[in-house]
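Below you'll find the structure, written out as structure tokens, and then a few comments.
Every number in this text was worked out from the coordinates using simple rules, so none of it is lab data. The structure presented is a predicted model; accordingly, all values stated were derived computationally and were not measured. Counting neighbours? That spans all protein chains shown, and the Cβs are built from the backbone with ideal geometry, glycine included.
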Amino acid sequence: MEKKSGFVTLIGRPNVGKSTLMNHLIGQKIAITSNKPQTTRNRIQTVYTDERGQIIFLDTPGIHKAKNKLGTYMVNVATRTLTEVDVILWLVEPTTYIGTGEQEIAKKLNQTKTPVILIINKVDTVKKEEIPTYIQAYKDICPFAEIIPVSALRKINTETVIDQIFRYLPYGPQYYDEDTITDQPMRQIVAEMIREKALRCLQEEIPHGIAVTVEKMQERKNGLVDIEASIICERESHKGIIIGKNGAMLKKIASAARFEIERMMEQQINLKVWVKVRKDWRDNDILMKNYGYVEEKK
Ligand SMILES: Nc1nc2c(ncn2[C@@H]2O[C@H](COP(=O)(O)OP(=O)(O)OP(=O)(O)O)[C@@H](O)[C@H]2O)c(=O)[nH]1
Ligand SMILES: [Mg+2]
């Protein structure tokens with residue numbers, strides 16, 4: 001049987017469940033997730049392979065009204081994928097009210113000829129009999145190839161997503177070997193896992209102003225891996241909150257991160273985390289670049 005292959009982007013407003021869905025579709029947690037909007041900041045590429053062929057997923061930052069340079073960068077990253085893929089998955093929440101954010105995305109999608117599959121996610125949060133009303137509300141704002149109600153969290157109807165993607169993918173070569181899950185370097189995945197724990201433990205504006213860098217990752221002869229990382233924040237007052245009373249908050253973040261990194265690497269790790277202040281780094285091109293938020297060269 002001739003195999004299919006191609007690129008598929010997941011786009012949508014922040015917090016609609018793009019990263020949760022992608023992780024579930026590939027069967028491994030690569031992209032971090034949280035209940036705070038703007039969790040994903042870069043394009044995260046992962047690979048799904050089965051007997052039908054290969055799907056290369058691009059998870060993207062949520063499309064929103066940017067308030068700083070980091071936000072503009074994130075929206076550009078997401079928007080650019082629209083021109084690079086064979087199929088677009090647009091994720092939305094189950095609602096009949098289509099806000100300006102969604103309308104802006106629809107406008108962009110109406111300018112492309114690429115097939116768009118609408119994913120109405122989080123259907124576990126609504127009554128089953130209401131689902132047709134959400135489909136009805138969305139169906140005319142774009143010429144969708146398909147509309148699929150899904151729950152990424154409860155794993156409802158997610159097989160259908162893979163089936164439908166393969167329908168619209170072109171025939172083509174296998175780009176990666178079957179064992180490849182992602183092209184993200186391990187250091188980056190580790191930094192993201194620490195950022196996820198910080199996002200989940202901290203409140204209000206603090207998580208949005210955090211970046212994480214990994215300065216050292218080195219394996220000892222006995223297999224233990226020493227990791228040194230920094231949490232960068234925007235204000236002295238934020239640093240105090242991130243460290244917490246007697247270092248309690250930082251300990252909580254680091255030990256949650258260590259637990260997950262050890263599980264992923266299947267190795268014991270020794271994790272040291274520092275907290276640094278870089279004032280308003282989200283509006284500073286050079287600092288943003290240092291933390292990995294840099295435009296890809298074409
Ligand atoms: N109830 C329910 N919650 C979900 C579902 N999918 C995702 N979530 C939750 O929604 C929140 C956001 O999920 P993410 O996967 O981080 O969302 P995202 O679209 O990647 O968000 P950004 O990266 O900020 O753009 C998390 O708390 C998820 O657990 C779902 O199907 N049902
Ligand atoms: Mg995400």
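Of the residues making up region 49-60, those that are more than 8 Å from ligand 1 (Cβ to nearest atom) and surrounded by 20 or more Cβ atoms within 10 Å (Cβ to Cβ) are 49, 53, 54, 55, 56, 57, 58.
Restricting region 1-53 to residues that are without any contact (Cβ under 8 Å) to a residue 60 or more places away in the chain and closer than 13 Å to residue 89 by Cβ, the residue that is farthest from ligand 2 (Cβ to nearest atom) is 22.
Taking region 28-68, which residues are charged (D, E, K, R) and part of a loop (DSSP other than H, G, I, E, B)? Of everything in region 28-68, those that are charged (D, E, K, R) and part of a loop (DSSP other than H, G, I, E, B) turn out to be 29, 36, 41, 43, 51, 52, 65, 67. Taking the stated definitions as given, is residue 22 part of a helix (DSSP H, G or I), under 12 Å from the mean Cα position of the chain (by Cα), within 14 Å of ligand 1 (Cβ to nearest atom) and within 24 Å of residue 283 (Cβ to Cβ)? Judged against the criteria, residue 22 is not a match. Residue pairs whose Cβ atoms lie under 7 Å apart, separated by 6 or more positions or on different chains, with the first residue in region 246-258 and touching a residue at least 60 places away in the same chain (Cβ under 8 Å) and the second surrounded by 19 or more Cβ atoms within 10 Å (Cβ to Cβ) and in a helix (DSSP H, G or I), are 257/193; 257/194; 257/197. Please work out if residue 85 is assigned to a loop (DSSP other than H, G, I, E, B), over 25 Å from residue 136 (Cα atoms) and away from ligand 2 (no atom under 16 Å from the Cβ). Yes; evaluated as a whole, the condition is true for this residue. Criterion applied to 88, 141, 131, 156 was being surrounded by 16 or more Cβ atoms within 10 Å (Cβ to Cβ) and farther than 16 Å from residue 55 by Cβ, and the one residue passing it is 141.
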